[in-house]
């Protein structure tokens, strides 16, 4: 199933690995911070309502 | 917040589908190029990342202008949320370009006008993020970062059009050109179709992260207000 990348396999595969890693990291950081802030705000609003 | 919350899952799903199909199509099912060999597959990462790096900064430019003219908080918070994503896109474009450049040009880096203006664009992204982090007062930070975003937009445009007016560069011309609504034949359809899908994927991923980031910044600001109010009581 893997395509034959010939003598440029290292260049092509490292480009894909590096790019997908970078995109996954930034997406992960955004989602994690979003959840943390949402939780903190909900807790603060609940404490103020109480 | 309401409409963006409802749209977000759909945009995220569309981003995942188009990005995965574009990259899988490009990596597994496109032929090698006659001159570039299999390195042509790097195009499906490099071109969309470069496109979003430039468009991301232009979006920050618009957000900064709206903030300075209309003082709308959401616009500057959207610009703030766009910056880290744009920086990563710039990094991906620079890294994949360098990896492609070694076998094709014989060097990872050359001080070509487009490459240099792209490196400066990356530094503007870093500076913008650092400036937000360095200033405690939110409105002062918004003012100063907006000025920086407007100055940096020159390099965003320069990196987009450098190949057109600097002939001494090593970087080739634009990969995809649209003239009078029609695609110019700079690239064969066999490469263009997955590239288009990949570009849509990168664009939608950018939009997804922009919405998540902006919503987070709005909530974070509300949280700070509530914390300040609690301290005063």
#### Entry: Subset tally (residues that are within 7 Å of chain B (Cβ to nearest Cβ) and within 23 Å of residue B:12 (Cα to Cα)) for the stretch A:1-22
4
### Query
Among B:91, B:59, which is the only one that is buried (at least 19 other Cβ atoms within 10 Å of the Cβ) and farther than 19 Å from residue B:145 by Cα?
B:91
### Residue list for the stretch B:216-233, filter: facing chain A (nearest Cβ under 7 Å) and in contact (Cβ under 8 Å) with a residue 60 or more places away in the chain
B:216
### Summary
Scanning chain A residue by residue, those surrounded by 11 or more Cβ atoms within 10 Å (Cβ to Cβ) and either in contact with a strand residue (DSSP E or B) (Cβ under 7 Å, 6 or more places away or on another chain) or part of a loop (DSSP other than H, G, I, E, B) (or both) turn out to be A:3, A:5, A:6, A:8
### Task
For residues that are within 20 Å of the chain's Cα centre (by Cα) and under 21 Å from residue A:11 (Cβ atoms), tally how many sit in the stretch B:20-40.
2
### Task
Any chance you could count how many residues in the stretch B:182-207 are more than 8 Å from chain A (Cβ to nearest Cβ) and in a helix (DSSP H, G or I)?
18
### Query
Right, residue B:111: more than 13 Å from the chain's Cα centre (by Cα), over 15 Å from residue B:56 (Cα atoms) and away from chain A (no Cβ under 14 Å) or not?
yes
## Note on the structure
Given the conditions (1) out of contact with any helix residue (DSSP H, G or I) (no Cβ under 6 Å at 6 or more places or on another chain); (2) free of Cβ contacts under 8 Å to residues at least 60 places away in the same chain, every one holds for residue B:36 apart from (2)
### Message
Criterion first (crowded, with 19+ Cβ neighbours inside 10 Å, out of contact with any strand residue (DSSP E or B) (no Cβ under 7 Å at 6 or more places or on another chain) and in a helix (DSSP H, G or I)) does residue B:67 satisfy it?
### Response
yes
### Message
If the requirement is being more than 20 Å from the chain's Cα centre (by Cα) and away from chain A (no Cβ under 14 Å), which of these qualifies: B:141, B:130?
### Response
B:141
### Message
Return the residues of the stretch B:31-43 that are closer than 11 Å to residue A:4 by Cα and part of a loop (DSSP other than H, G, I, E, B); say none if nothing qualifies.
### Response
B:31, B:32
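Each value in this text was obtained by applying a stated rule to the coordinates, not by laboratory testing. Values in this document were obtained by computation on a predicted structure and should not be read as measured data. We place every Cβ from the backbone using ideal geometry, glycine too, and count neighbours over all the protein chains shown.
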